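Reviewing the structure listed below.
The values are calculated or read from the model by the stated rules, or taken from the named source; none is laboratory data. This one's a predicted model, so the numbers in the text were calculated from it and none came from an experiment. No Cβ is skipped: glycine too gets one built from the backbone with ideal geometry, and neighbour counts run over all protein chains shown. These accessible areas exclude ligands, DNA and RNA; they are computed on the full protein's heavy atoms, side chains included. Shrake-Rupley method; radii C 1.70, N 1.55, O 1.52, S 1.80 Å.
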Amino acid sequence: MRISVVGNGYIGLATAVGLAGKGYKVVCIDNNSAKVDLINKGKAPIFESGLDDLVSLCVCKQKNLRASEDYRDIADTDITFLCVGTYLSSGGGTDFTQIAQAAEDIGKALAKKNGYHVVAVKSTIAPGTTEQVVIPIIEKASGKKVGTDIGVAVNPEFLEEGKVVQCFLNPYRIIIGEYDKRSGDTVEILYRDFSVPIIRTSLTTAEMIKYASNAFLAVKISFINELGNICKKLGVDVYDVANAMGYDPRIGRKYLNAGVGFGGSCLPKDLEMLIDSAQKAGYEPRLLESVRDVNRDQPLSMVAIAEGIIGGLQGKTIAVLGLAFKPHTDDVRDAPSLRVIASLLEKGASVRAYDPMAMDNARLVLSQSIMYCDSASQAVGGSDCVLILTEWDEFKKESLYNGKVVIDGRRVLDPQRARQICDYHGICW
Ligand code: UDX
């Protein structure tokens with residue numbers, strides 16, 4: 001089977017490289033010419049561990065991966081993965097612009113194709129979008145009927161940034177939502193040597209499984225953060241609680257690391273979109289709204305703790321260690337650091353920031369009035385208080401914090417040891 005992948009962000013590239021690595025012939029379609037050029041030179045257009053090597057292997061050595069700006073190339077393939085980004089509209093719902101445009105471009109390309117073709121949606125979209133938006137657009141643009149010449153599937157991805165290729169190749173399960181059996185069978189062939197459960201569902205169920213999975217992770221994080229906020233007041237270490245809870249397989253230990261909250265390109269956005277879907281369906285999702293609200297406030301509690309310890313922040317210098325929403329990525333989208341820094345500046349503090357990888361991306365979205373430092377020790381030096389917001393390994397070095405006021409938002413330091421060298425406080429322990 002020949003494969004085309006439309007949209008080459010994290011999901012698209014992982015899909016393209018993962019399937020090319022398995023020997024399939026893959027073409028990446030993207031209207032960003034810089035991205036296309038990079039891929040054709042054997043370079044990954046985004047930072048992801050292992051991705052550069054795999055792109056280079058598939059493009060330069062195996063020669064079964066290439067990129068193109070020409071949607072007509074889709075007609076030479078058998079299956080198209082739709083992987084364009086999805087965004088929040090100003091009203092909080094899904095902005096369909098990109099997905100609708102991609103569906104139309106795919107439809108136009110399929111108008112000239114002879115033979116059966118499957119479009120598999122990997123973009124995260126609200127339940128019902130494939131049936132109500134994607135299929136009608138493809139049918140109109142192609143002049144063909146889905147179910148006869150064209151098959152449609154929803155095949156969501158559960159990739160964690162920083163290890164997208166590993167996640168693609170080693171999923172916990174594979175979800176295939178299908179328009180009809182033929183569509184699902186065609187997608188399933190690609191995954192025949194993945195030894196994990198393959199779950200076949202309706203299109204809308206598959207869309208909901210993706211939202212539900214991310215929302216559940218968000219629930220766990222906001223739950224443990226709220227519990228942590230309570231524990232701190234009661235003098236209990238929430239990590240002792242989480243560790244003990246985690247032994248119960250019904251609960252599990254994962255995603256119970258209390259801290260400054262979840263960020264990134266998926267969890268916050270997907271939660272927001274699920275809330276919007278529920279409201280549009282006439283249901284007020286109070287639990288999900290609370291999960292969002294707890295997460296929105298959590299970063300600000302670091303600022304409040306700092307104020308409580310060093311007094312008003314006006315004129316104070318605060319070191320912020322960690323700008324990325326999690327380690328091993330340069331991504332700052334919806335990172336807790338953004339809210340923390342905005343609040344610090346609003347309260348009149350000066351900010352000295354450092355992140356081993358995310359400085360360039362941070363500069364694009366953060367105020368120019370903060371100082372960007374070249375190292376953690378430069379940021380910490382001369383500061384009145386240090387806030388740790390991302391659990392990078394280099395922030396574990398205790399000697400960095402000698403004599404400082406430190407507020408740890410990610411349990412980077414061991415509290416007992418840290419208390420011997422600095423004035424250490426956990427965000428919720
Ligand atoms: C997430 C999902 O894990 C993935 O399945 C989906 O496809 C995309 O969204 P990702 O955005 O890469 O992946 O981040 P993830 O590793 O899940 O972490 C999300 C955020 O939650 C980070 O800010 C992280 O620091 C935070 N987090 C995670 C916690 O605060 N506590 C935890 O216990 C776990």
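Miscellaneous remarks
- Residue match in region 421-429 (condition: closer than 22 Å to Leu256 by Cβ and free of Cβ contacts under 8 Å to residues at least 60 places away in the same chain): yes
- Residue count, region 35-61 (criterion: in contact with a strand residue (DSSP E or B) (Cβ under 8 Å, 6 or more places away or on another chain), free of Cβ contacts under 8 Å to residues at least 24 places away in the same chain and polar (S, T, N, Q)): 0
- Cβ-Cβ under 8 Å pairs, at least 6 apart or on other chains, region 132-155 side assigned by TED's automatic domain parsing to the domain that holds Ile106, far side part of a strand (DSSP E or B) and aromatic (Phe, Trp, Tyr): Asn155/Phe81
- For region 17-71, the set of residues classified as of a type in the set (Phe, Trp, Tyr) and in a strand (DSSP E or B) is empty.
- The residue list Ile388, Ile370 contains one member that is touching a Leu at 6+ places or on another chain (Cβ under 9 Å) and either over 30 Å from Val165 (Cα atoms) or acidic (Asp, Glu) (or both), which is Ile370.
- Scanning region 42-72 for residues that are open to solvent by 30 Å² or more (accessible area, probe 1.4 Å) and closer than 30 Å to Asn114 by Cβ yields a count of 7.
- Restricting region 320-354 to residues that are under 21 Å from Asp374 (Cβ atoms), touching a Leu at 6+ places or on another chain (Cβ under 7 Å) and small (Gly, Ala, Ser) leaves a set whose member that is farthest from the ligand (Cβ to nearest atom) is Ala349.
- If you go through region 262-273 and keep only what is open to solvent by less than 20 Å² (accessible area, probe 1.4 Å) and more than 6 Å from the ligand (Cβ to nearest atom), you end up with Asp270, Leu271, Met273.
- In summary, Gly311 fulfils each of the numbered conditions (1) within 20 Å of the chain's Cα centre (by Cα); (2) open to solvent by 20 Å² or more (accessible area, probe 1.4 Å) with the single exception of condition (1).
- Top-ranked residue in region 223-261 [being assigned to a helix (DSSP H, G or I) and within 8 Å of the ligand (Cβ to nearest atom); ranked as surrounded by the fewest Cβ atoms within 10 Å (Cβ to Cβ)]: Ile224
- Considering region 99-191, the qualifying helices (runs of 4 or more DSSP H), each wholly inside and each with 1 or more residues that are away from the ligand (no atom under 16 Å from the Cβ) and in contact with a helix residue (DSSP H, G or I) (Cβ under 9 Å, 6 or more places away or on another chain), run over 135-142, 181-190.
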